[in-house]
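A.B. asks: Below are the structure tokens for one structure; questions will follow.
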Amino acid sequence: MFDNLSDRLGATFDKLRGRGALKEQDVRDAMREVRIALLEADVALPVVRRFIDAVTEKAIGQDVLRAVSPGQQVIKIVNDELVRTLGGDPDEEEGAPAPEESRLKLEVKPPAVVMMVGLQGSGKTTSTAKIARYIREKHGKKAMMASLDVARPAAQEQLAVLGQQADIATLPIVPGQQPVDIARRALESARLQNFDVLMLDTAGRLHVDDALMAEMKAVAGAADPAEVLLVVDSLTGQDAVNVAKSFTDEVPLTGVVLTRMDGDARGGAALSMRAVTGKPIKFAGTGEKLDALEAFHPKRVAGRILG
Ligand code: GDP
């Protein structure tokens, strides 16, 4: 994960570490390298600018350069800024739970509805089953899943198969039923069977379009979700962030699920998402298997970026 970015930053940090004293120009040179590393990682330009300005100001403005090991301090400033950019608090203690904004809010009158939205191929259906499983393992809550994807053939069957694999109930398929009606039937069924959580896997499209947004709004209106999670593929970098921006304008997103982090050597989507959309990343998908899901923890992710 993030190997390219880690290598680039590592090389810059080695130079900083190797020096006893640092001049202002050394910091500026290092920041030029960090800037290029972030841009090559496909981090959005405004996020890169803000990042470099914040780090430069802290590194030069305070007594850092006169400190005993200035290189080490500059590295810590970069680390702290990475944590903040990812939506975390650098001062939180080791082993602390994920930040409040990254946690699922399921404490509503059951069934708490978790609506999954996103483009086709982003990993939405897989993430639906992963999160249902996660909710059982970590929250001790019983979830039912329902697919509202009537556009893609076999989408509903795909969710049923995943449900069987993970031993999670799915709403029986009624051919011909439309998304909002399926959502209502799922709510009723989850209520009657005392499920704590109802996961709604909505239809995807190849691109963001008006019909998709209208359908998402109608489903959200009918199901009153506690969480609306947008699933995006981290490998698509800034495109993932742009998709998130389009959805944010239309549906009340509560967070983002970033899939394929296992194959993401760059990290641009992860680093830009919070700053550009204002929405927290709640989960990272780290593989095809149903247990390959992590609660998103900014401090840990920053630690991985810095190796
Ligand atoms: P959907 O069209 O958005 O519902 O996408 P799917 O859930 O069908 O996923 C598309 C493909 O991506 C499948 O082959 C999944 O196994 C794979 N996939 C989903 N999430 C991840 C992930 O986090 N890592 C990896 N490596 N593959 C994933």
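What follows draws every value from the coordinates through simple rules; no lab data is involved. This is a predicted model, so every value here is computed, not measured. Reconstructed Cβ throughout: ideal geometry from the backbone, glycine too, with neighbour counts over all protein chains shown.
A.B. asks: Would you calculate the separation in nanometres between label points at residue 53 and residue 164, each defined as 7 Å from the Cα along the Cα-to-beta-carbon direction?
C.D. replies: Those two pseudo-labels are separated by 5.6 nm.
A.B. asks: So what's the angle, to the nearest 10 degrees on a 0 to 90 scale, between helix 45-61 and the longest Cα principal axis of the chain?
C.D. replies: Value to nearest ten degrees: 40.
A.B. asks: So if I take the alpha carbon set of the stretch 156-307, get Rg, then get Rh from the Kirkwood formula, what is the Rg over Rh ratio?
C.D. replies: On the way: Rg = 16.5 Å, Rh = 16.9 Å.
That ratio equals 0.98.
A.B. asks: Before rounding to the nearest 500, sum -39500 (n - 2.57) across all DSSP H runs of length at least 4 in the chain and divide by the residue total; then give [θ] at 222 nm in deg cm²/dmol.
C.D. replies: It comes out at -15500 deg cm²/dmol, rounded to the nearest 500.
A.B. asks: Something else about it: Work out the FRET efficiency for residue 45 and residue 288 from their Cβ-Cβ distance, taking R0 = 41 Å, and round it to the nearest 0.05.
C.D. replies: It comes out at approximately 0.80.
A.B. asks: Next question, about the same structure. With axes computed from alpha carbons, what is the tilt in degrees of helix 24-40 against the longest principal axis of the chain, rounded to the nearest 10 within 0 to 90?
C.D. replies: Computed tilt is about 30 degrees.
A.B. asks: Between residue 193 and residue 157, take the C-beta separation as r, use R0 = 22 Å, and let me know the FRET efficiency to the nearest 0.05.
C.D. replies: The formula returns an efficiency of 0.55 here.
A.B. asks: Just tell me which lysines come within less than 27 Å, Cα to Cα, of residue 124; anything on the same chain fewer than 8 places away is out.
C.D. replies: Of all the lysines, those that pass the test against residue 124 - Cα under 27 Å, at least 8 places apart if same chain - are 105, 109, 138, 141, 142, 217, 245, 279, 282, 289, 299.
A.B. asks: Compute log10 of I(q)/I(0) for the stretch 1-137 with the Debye formula, placing one identical point scatterer on every Cα and leaving out solvent, at q = 0.10, 0.14, 0.15 Å⁻¹, to two decimals.
C.D. replies: These q points yield log10 I(q)/I(0) values of -0.50, -0.80, -0.86.
A.B. asks: May I ask for the net charge around residue 246, where only other residues with Cβ less than 15 Å from the Cβ of residue 246 are counted and Lys, Arg are +1 while Asp, Glu are -1? Walk me through the intermediate numbers first.
C.D. replies: Working: positive: 205, 217, 245, 279; negative: 209, 210, 215, 233, 239, 249, 250.
Local charge sum for residue 246: -3.
A.B. asks: A further question follows. To the nearest Å, what is the center-to-center distance of the stretch 130-151 and the stretch 20-73, using C-alpha atoms only?
C.D. replies: Here the answer is 43 Å between Cα centres.
A.B. asks: With only Lys, Arg, Asp and Glu charged, each at its Cβ (+1 for the first two, -1 for the last two), find how big the charge dipole of the stretch 55-209 is about the Cα centre; round to the nearest 20 debye.
C.D. replies: Numbers: 19 positive and 21 negative charges, 123 e Å.
Taking the Cα centre of the stretch 55-209 as origin, the dipole is about 600 debye.
A.B. asks: To continue, here is another question. Given a Förster distance of 25 angstrom, what is the FRET efficiency for residue 21 paired with residue 92, based on the Cβ-Cβ distance and rounded to 0.05?
C.D. replies: 0.20
A.B. asks: Per residue, how big is the convex hull around the C-alpha atoms of the stretch 1-45? Give it to me in cubic angstrom, could you?
C.D. replies: Taking only Cα atoms, the stretch 1-45 has a hull volume of 58 Å³ per residue.
A.B. asks: Taking every eigenvalue of the Cα gyration tensor of the stretch 99-185, multiplying by 5 and rooting it, what semi-axes result, largest first, whole Å?
C.D. replies: Gyration-tensor ellipsoid for the stretch 99-185: 22, 14, 14 Å.
A.B. asks: Counting only Cα, what are the radius of gyration and maximum Cα-Cα distance Dmax of the chain, in Å?
C.D. replies: In order Rg, Dmax, the Cα atoms of the chain give 21.4, 72 Å.
A.B. asks: Now a separate question. Under a point spin-label approximation (7 Å from Cα along Cα-to-Cβ), what is the residue 33-residue 67 distance to one decimal in nm?
C.D. replies: 1.9 nm
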